[in-house]
Amino acid sequence: MSFLSKPKREIYKRKIKNFWVDFSHNKVGFAGVIIILGFVIMAVLAPLLTPYLPESQKYKSPRLAVRYAVPEWFRIFPQYRDYNPTMRIQPDLHDAVLEDYRGNLAVDMDRLLFNFTPTKRGERAWVLLDFGNFSYEYGAPPTFTMHFAFHMKFSNVKVSKLCFIIQNYTANPLYEQYFRDPTKANMTVYIQPFSPLFNEINVDTDRDSFSDNPVRFPVVSSLYKPDAPWVDPAQIIFSKKGIYGLKIMVEFECLRADGAYAQFTLEGVGLTIWGRCHGILGTNSAGHDVWTELVYGARISLMVGLLAAALATGIGIFYGVISGYIGGFVDNLLMRIVDILLCIPVLPILLVLVNYFAASVYIIIVLIAIFGWQGLSRVIRSRVLSLKEMAFVEAARASGASDLYLIIHHLVPNVMPIAMAAMVLAIPGAIITEASLSFLGFGDPNVPTWGRILYDAYQQGGLSAWWVWLPPGFAIVLICLGFVFIGHAVDEIVNPRLRRRR
C-alpha cells in the first residue's frame, strides 16, 4: 500500500517538475549545485582519492615526510627542483651478503641468526652484512631514520657495537673510512644507533636472556663537533648524488667465559630518508598528508551542515506551527523564550557546553541545532497566523477536521517551501560554526575537520606554510558559497515576491 494516494503522487510529481524547471533556469543556483556536487564526490570517493587515513586518535595516520613539506608540484620551480620525496629502503634480508666476519661466530644467513660461543674472557667477534645499494639523485635531505628489530638471548656476553654503515660508492669507492670531519661529505659513515635503551647492550651475568621480543629503534644520529653548530647528519651524508650502500655491523664481547653464549637474530632492517616534498598539498606539522585531511574533512563538513540544519529546521517548524496555531498566552510565552535565546551570545555558550559534554562531532551537531532554529520559528509562526485564517483551513475545520489533522495536512505542507529554503541557507552557518569551534581547539579530536587543520597550523607555527591552511580555508568558503547560491535560488522560487521576470 502506497504512503501517498495516486492523485497526491501526481500533484507532487508536477510540483517537483515545475520546481526543477524554475531552478534549472537560475544560473546562480545551478552553479551552487555544481560546487556542492564536487564536494559530495570528494567525500564519497575519499578512500580512492588518497591511500592514507586522516590523522586522529581513531585513525593513526603515518608520518610521510618532514613537517611542513612542500607539495610535489613545487618542484616545477627552480628553487625546489632538488627537493627529495620520502624514500623508504626496505632490503630483503634473504638477499643480504655476508661481507666479512671474525671470531668464534656461527652465522645462519637464511634467518640472519648469529651464535657466539666464546672460550675466554674479553674475546670479541663481529659480523658485517651488506644489504645492497640504492640510488639517491636529489639534494641533501632534511633528516633520515634507521630502524631494525632483533631477538636476543645471551649470558655473560654484551653487544659492544651495533652500527649502520652508509657508503657513497659514486663519490668515494674507498672502503672502511670513518666519519670524522663534517666538511668531508664523501666518506664512508659509521653510525651508532642513539637510543636510551642502550649504547652497549649488557646484562647481569645471573640472567640467561635479555630480550625475546622484537624491539624497534627509530634513530636520528647525532654526528657533530662539540664546538660547532648542530647539523643533521643527513645533510652531510647525502650531500652527494650517486649510488649508496647500506651495511650493518654487529660486534660481541665476552664478559666471562663461564657459560657464555649469545644468540642474535636480526630482522626488519630499513632506512627512511624523509622528504622535503610530498603529495598534492604537502604535510602538516606532524608530517601527515594535508590532502588526506582535506578530502576526509569534506565528509565532516557536509554531515555537520546537513544534520544540524535539518534538526534545527525540524525544531523551528514544530515550534513555529504550535506557537502560531494555538496563539494567545501560549504564543506570547513561546515568542518571549525565542527572544531570550536570540539575545544569548551563541559562540561563548557553545564553547562552554562543548567543553562540558566532551568534544564530539554529534554533540556539536546537536548544540548547533539547538541554537539555530529561533529565526525560522518566527517566520513559520507568521506564516501560520496567516494560513489558519484562510478559507481552506476554515472549510476543513467546519467539516470536522481535528487540530492535528489541520496541522499535518494543511499548515505544515504550506510552510515547507519556506522551511526548505531556510534550511539550505542554514547549512553554511552550521559549517562555519563547527569550523570555528575546531579552530579554537574545541572540536572533536577523533575526526578530521577543516577547522582542525587551521587550528594545528596556527598552534604549531605553520602560518608561513600557506599550502597547509589556505586549501581548507578556501574549501570552507567555497562549500558555504555553494549552499548560499542554492538557498537564494530556492528562496526566489518558493517566494513569489522575490521572483524576477526572465
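The values are calculated or read from the model by the stated rules, or taken from the named source; none is laboratory data. In this text, all values refer to a predicted model and were calculated from it rather than measured experimentally. Because the Cβ atoms are built from the backbone with ideal geometry, glycine has one as well, and the counts that use them run over all protein chains shown. What goes into the accessible areas is simple: the full protein's heavy atoms, side chains included, and nothing from ligands, DNA or RNA. Shrake-Rupley method; radii C 1.70, N 1.55, O 1.52, S 1.80 Å.
Overview of values
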item	result
Segment 13-27 - phi-based ³J(HN,Hα) in whole Hz, Karplus 6.51/-1.76/1.60, Gly and Pro as x	4, 5, 5, 5, 5, 5, 5, 5, 4, 5, 5, 5, 8, 8, 5
Rounded FRET efficiency, nearest 0.05, which uses the C-beta distance separating ASP95 from LYS153 and R0 of 30 Å	0.70
Evaluated at q = 0.25, 0.30 Å⁻¹: base-10 log I(q)/I(0), Debye formula over Cα of segment 259-315	-0.99, -1.13
P(r), alpha carbons of segment 394-502 - 5 Å bins starting at zero, rounded %	2, 11, 14, 13, 11, 10, 9, 9, 8, 5, 4, 2, 1, 1, 0
Accessible-area value, ARG256, 1.4 Å probe, nucleic acids and ligands omitted, Å²	110 Å²
Amide H partners (placed H, <5 Å) of SER61, local residues excluded	SER56
Estimated vicinal HN-Hα couplings, Hz - segment 354-367 in sequence order (Karplus 6.51, -1.76, 1.60; Gly, Pro = x)	5, 5, 6, 8, 6, 5, 9, 5, 6, 5, 4, 4, 5, 5
Accessible area (Å², 1.4 Å probe, nearest 10) - LYS161	50 Å²
Gain on full stretching of the segment that runs from HIS25 to LEU351 - 0.36 nm per residue minus C-alpha separation	113.1 nm
Dimensionless Rg/Rh of segment 376-454 - Kirkwood Rh, Rg from C-alpha atoms	1.30
MET109 accessible area, 1.4 Å probe, all protein chains in place, Å² to nearest 10	50 Å²
Trypsin sites (Lys or Arg not before Pro) within segment 103-132: DSSP coil, no more than 16 neighbouring Cβ in 10 Å	ARG111, LYS120, ARG121
Per-pair calculated FRET efficiency, R0 = 41 Å: CYS343 and LEU404 via Cβ, rounded to 0.05	0.80
Carbon plus sulfur fraction of accessible area for segment 32-150, probe 1.4 Å, in percent	55 percent
5 Å binning of all Cα-Cα separations within segment 20-140, expressed as whole percents from 0 upward	2, 7, 9, 9, 9, 9, 10, 10, 9, 7, 5, 3, 3, 2, 2, 2, 1, 1, 0, 0
Segment 290-341 and segment 370-395: distance between their alpha carbon centers, rounded to Å	15 Å
Filter on LYS120/LYS158; LYS158/LYS247; LYS161/LYS240; LYS27/LYS388; LYS120/LYS161 - keep pairs with C-alpha separation over 24 Å	LYS161/LYS240; LYS27/LYS388
³J(HN,Hα) computed for each position of segment 110-116 - Karplus, 6.51 cos²θ - 1.76 cosθ + 1.60, integer Hz, glycine/proline x	5, 10, 6, 10, 10, 10, 10
Segment 403-502 - accessible surface per residue (Å², probe 1.4 Å)	49 Å²
Translational diffusion of segment 296-406, µm² s⁻¹ [Kirkwood Rh, Cα pairs; Stokes-Einstein; 10 °C; 1.306 mPa s]	100 µm²/s
Potential extension, ASN495-TYR362 segment - 0.36 nm per residue separation minus Cα distance	44.6 nm
